[in-house]
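This report refers to the structure that appears directly beneath it.
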Amino acid sequence: MIENTFGINIIPENEVQRLEALQRYRITDTPSEESFDGIAQLAAQIFNVPISLLSVVDSESVFFKANIGMGNAKKANRGKSLCALAILDKDVTVFEDALKESCLQANPNVMGDFGLRFYAGAPLITHDGFLIGTLCIIDQKPREFSDSERAILEGLAKTAMDQIELRRSSLETIEQAQQVNRQLITTQENLKKAVQDLAEFNVEMEATNEMLNSTNIELTKSFDLTISLNQDLKKSRQRLQSFISKAPIAFGILTGRDLVIEVANEMILKVWGKTSDVLRLPLAEALPELKGQPYLSILDNVFTSGKTYIGDTAPVKLEVEGILSDCFFDFIYEPLRNDSGETIAIIVIANEVTERINKKKELEDLNQQLEIALNAGQLGSYHLNIQNQELTGSSIFRTIYGLKDDEDLRFEDIMNIIMPEYREPIYDKINQSIESREPYSAEYKIKKKDQSIHWIHSSGLPSYDANGVAVGMTGIAIDITKRKNYETQKDDFLGIASHELKTPITSLKATIQLLTRLKENPNHQMIPRLIDQSSQSLEKLNNLVDDLLNMHRISEDQLQLKKQTFNISKMLEDCCNDIRLDGQFKLIIDGDLSTNVTADEHRIEQVVVNFVNNAVKYAADSEKIHLIIEQIEKNVKITVKDFGAGIDPSVQPYLFDRYYRATHEGRKYSGLGLGLYISSEIIKKHGGEIGVESTVGEGSSFWFTLPL
Ligand code: ADP
């Protein structure tokens, strides 16, 4: 709030708009100007007063734009300056004697040292009616102020106001000029820039021009090239066409949904068994035999999906020279698309692989046959890669060497299983075989993981690469333990047989020598005993030769049976008579004594005699021997039971093998190891069974059955 000394409201109603109007003139707080000073001076002179002011009334202060007689004062407080009152009235405000004015009783200008007594102020009125200031005259003594004087002051105020308006419009003009000037400068700058740009553009244009020139040259060259390329293209197109037509692969193009045969080379026509008459016919029409086969629908799918179809060894039934035959093809159906990606045709490329498939089948059959043969012969096959020493072996091969099916194998693994003394010779044989290109063959012993010893026969043939370097060895291996054992047994047997034959011959020889000496003395008491002895020796020899003959017959499968029906118990009685004569054993025949059987009596007797003789030989301590006849279902079972030392269970399975003879601790028995073998062959030939039950220390029961 401003200090108000007048005691009345000094703010006009339109104060806000008034101040805005004042702002327009931008006159407040500006230095004095000659033209305004002149008007104030004129007013002071005309009215003969010491003070004249041209003031503008701002919100708080009164600013003196022209000041005559008030020293350096620039402004005054609005609440104290009488001009604040003068702008409240459009007419001239006059105080002829200030002391008499009630509103000025507190005014310091009036009441203070300055001693203002007279004041006349004409308002400065803008063209739109706002009172922004005054032109006033002041005196320190009272005076009268006439109407004409008022009119003069009013006139002067108007002049001052005109001047202020003029000043304002010149200010605006200057500003506009400045504005224009600024715009001009900018335009000038822009112009300068444009000129620069133009220069640059010119340079670019020149470069482009050069480029265009060289492009033009290139284009001319390209044009020439295109012409020559076009010629080349024509040639290669012709080449491609002739290549396709003569290609050893079947090639065709089928167009449209109807799969019209557009292109079909010689090979595809040959495969189809058709002539070029099929060209431009729909496929289904050209090859009616395709009906019922999946290919038409596959082609249709390729058309719809636009996806390539690859057929691998696909079976196709094709009619060639009137005969429908099974063929196999590797083929491709490749869709051809137009610019919008739609399938318009299908390229068919096919390669007949019927021969390959047939060969493969043949090979598979052969392989299968080979596998069956190898299985039947229990032959293990192997292949050794000589370069990296890796070894692959069939399942049988692995079983032979006691190896698991999933183990990786190397040559040295096999070598480690082979017993040390055979390793060096095997290496030598393999190297020799590689060098001579002859098959390799070796027999050796191995020790399997379970510590069992086996005899192996292995053979192989080396293979070589193009440079003649040995790369592999392929062959077979077989477990020959049985054969090897048999061979040893056979060798042993020959020794035993010679020995066995030699004993009765030696004794016969001795007896005959004695008899020869006694030939002059026919009544000598020794003669009958010697004759007995020689006949015993002959009997023994006869038996041995019988056994040998029987064995020979059996091995040649010449054992003939002369079957007749006989009573078993009677047959047993007859056999036992000889042994009973000895008196050492009690022979007891038990069981179903009435049983008759149809069989070769002599051969069955041979079996029983063999059983009983063995009981006598191997169970010499036994006092009695039981012979039991039992009827079990449709068989008769005959058992010869002794009460001797019995037989170790581990050797029992081998007793009926040819040449097999068990060892008996501390005792030696003569024999060929043929008796039980011959017996078992006789019984088997009759369709019966043979076996033994024995407990060590309790005795043995040898038995056989015959069908009734
Ligand atoms: P061999 O008597 O000529 O040796 P065999 O074939 O008759 O031949 O008998 C085979 C083996 O069976 C004999 O070597 C013997 O070890 C054993 N054996 C046969 N009978 C008996 C028996 N009753 N008690 C014990 N061992 C027997």
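Can you tell me the 0 to 90 degree angle between the C-alpha axis of helix 420-436 and the longest principal axis of the chain, rounded to 10?
It is inclined by approximately 80 degrees.
Name the chymotrypsin sites (Phe, Trp or Tyr not before Pro) in the stretch 665-708 that are in a loop by DSSP and that have at most 13 other C-beta atoms within 10 Å, would you? Numbers along the way, then the final one.
Values: sites: Tyr669, Tyr677, Phe702, Trp703, Phe704; in loops: Tyr669.
Those that pass, being in a loop and sparsely packed, are Tyr669.
Pairing the Cα long axis of helix 34-47 with the longest principal axis of the chain, what angle in degrees results, from 0 to 90 and rounded to the nearest 10?
30 degrees
To check my understanding: the extent here is largest minus smallest coordinate of the Cα atoms along each principal axis. What are those three numbers for the stretch 391-521, in Å, largest first?
Projected onto its principal axes, the Cα set of the stretch 391-521 covers 91, 36, 22 Å.
Rounded to whole Å and sorted largest first, list the principal axis extents of the Cα atoms in the chain.
Over the chain, Cα extents along the principal axes are 228, 80, 56 Å.
What do the square roots of 5 times the Cα gyration tensor eigenvalues come to for the stretch 183-225, in whole Å, largest first, as semi-axes of the equivalent ellipsoid?
Values: eigenvalues 320, 7, 3 Å².
Semi-axes from the Cα gyration tensor: 40, 6, 4 Å.
Find which of Ala151, Pro425, Val260 sits farthest along the positive direction of the dipole of the chain, computed with +1 on the beta-carbon of Lys and Arg, -1 on that of Asp and Glu, about the Cα centre.
Toward the positive end, the furthest listed residue is Pro425.
Loop only per DSSP, at most 15 neighbouring Cβ atoms within 10 Å: give me the chymotrypsin sites (Phe, Trp or Tyr not before Pro) in the stretch 313-415, ordered by residue number.
Qualifying residues, ordered by number: none.
Using alpha carbons only, how many degrees (0 to 90, rounded to 10) separate the axis of helix 147-246 from the longest principal axis of the chain?
For 147-246 against the chain, the angle is about 30 degrees.
In µm²/s, what is D for the stretch 175-359 at 20 °C and 1.002 mPa s, where D = kT/(6 pi eta Rh) by Stokes-Einstein and Rh is the Kirkwood radius from Cα pairs?
Numbers: Rh = 21.9 Å.
Stokes-Einstein gives a translational diffusion coefficient of 98 µm²/s.
Please give the charge dipole size of the stretch 15-173, origin at the Cα centre, charges +1 on K and R Cβ atoms and -1 on D and E Cβ atoms. Round to the nearest 20 debye.
Around 280 debye, computed over the stretch 15-173.
Dipole size in debye (nearest 20) for the stretch 564-707 around its Cα centre, Lys and Arg Cβ +1, Asp and Glu Cβ -1?
320 debye
Using the Cα centre as the reference, give the magnitude of the dipole from point charges on the C-beta atoms of the chain (Lys, Arg: +1; Asp, Glu: -1; all else neutral), rounded to the nearest 20 debye.
So the dipole magnitude of the chain works out to roughly 2600 debye.
Once you have the alpha carbon radius of gyration of the stretch 497-555, what is it after dividing by 2.2 N^0.38 Å, with N set to its residue count?
The stretch 497-555 yields a ratio of 1.39.
Counting only helical runs of four or more DSSP H residues, what would the 222 nm mean residue ellipticity of the chain come to if each run contributes -39,500 (n - 2.57) and the total is spread over all its residues?
-15500 deg cm²/dmol
How about the stretch 228-327: which GluC sites (Glu not before Pro) there lie in a loop by DSSP and see at most 11 other Cβ atoms within 10 Å? Before the final figure, lay out each step's value.
Working: sites: Glu262, Glu266, Glu285, Glu289, Glu319, Glu321; in loops: Glu321.
Taking the stretch 228-327 and a limit of 11 other Cβ atoms within 10 Å, the loop GluC sites (Glu not before Pro) found are Glu321.
Roughly how many Å² is the accessible area per residue of the stretch 572-695, as a whole number, for a 1.4 Å probe? Provide the component values of the computation, followed by the final result.
Working: 6420 Å² over 124 residues.
Result: 52 Å² per residue.
The values are calculated or read from the model by the stated rules, or taken from the named source; none is laboratory data. As the structure is a prediction and not an experimental result, all values here were calculated from the model. A quick note on method: Cβ atoms are made from the backbone with ideal geometry, for glycine too, and the neighbour counts reach across all protein chains shown. Protein only, heavy atoms only, side chains kept; ligands, DNA and RNA dropped before computing areas. Shrake-Rupley method; radii C 1.70, N 1.55, O 1.52, S 1.80 Å.
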